[in-house]
1. Mind checking Rg over Rh on the range 69-114, alpha carbons, Kirkwood formula for Rh?
2. Roughly how many nanometres apart are two label points built 7 Å out from the Cα toward the Cβ at residue 85 and residue 112?
3. Can you bin every Cα-Cα distance in the range 53-150 into 5 Å intervals starting at zero and give me the percent of pairs per bin, rounded to whole numbers?
4. Using R₀ = 30 Å, calculate the FRET efficiency as 1/(1 + (r/R₀)^6) where r is the Cβ-Cβ separation of residue 126 and residue 155; round to 0.05.
């Protein structure tokens, strides 16, 4: 005797599968949603949405303010992080934020070079004056850039070559 007697209306076949959302949509003439394989990037043809002028101004200002705060707090070592993050994330979303983030990165590159030279000059003691002076000047340039970005003005920092565009 079996533990589960088979009722007359049941068969040995497995129960029918419920239609998935993909097959259900196809039955109604809709195309199924695209399933990206795990680890796939953005779909081809994807374009990020443009930022509003206010968002561009705010992000341009942040691209300068974060280094202005981090430069003195980290003795010049972390100032580039905010500029780089803003540049990489928003460079394709608006020309204003791209230009201000690139300017901020350019200031950071020149600052890093000058801080490296100042570090070497510490061997002859002049670097002890030059190092903090570089940080103060770079911080002032970033504050000026933040004010210009907040006002919606296009701006090129003084004494800074355009290495990143």
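Bear in mind that the values in this text are calculations on the coordinates, not laboratory data. The model shown is predicted, which means the values in this text are computed figures rather than measured ones. We place every Cβ from the backbone using ideal geometry, glycine too, and count neighbours over all the protein chains shown.
1. Numbers: Rg = 10.8 Å, Rh = 10.7 Å.
Looking at the range 69-114, the ratio lands at 1.01.
2. 1.7
3. The calculated distribution, bin by bin, is 3, 16, 26, 21, 14, 9, 6, 3, 1, 0.
4. On the way: r = 31 Å, r/R0 = 1.04.
For residue 126 and residue 155, the calculated efficiency is 0.45.
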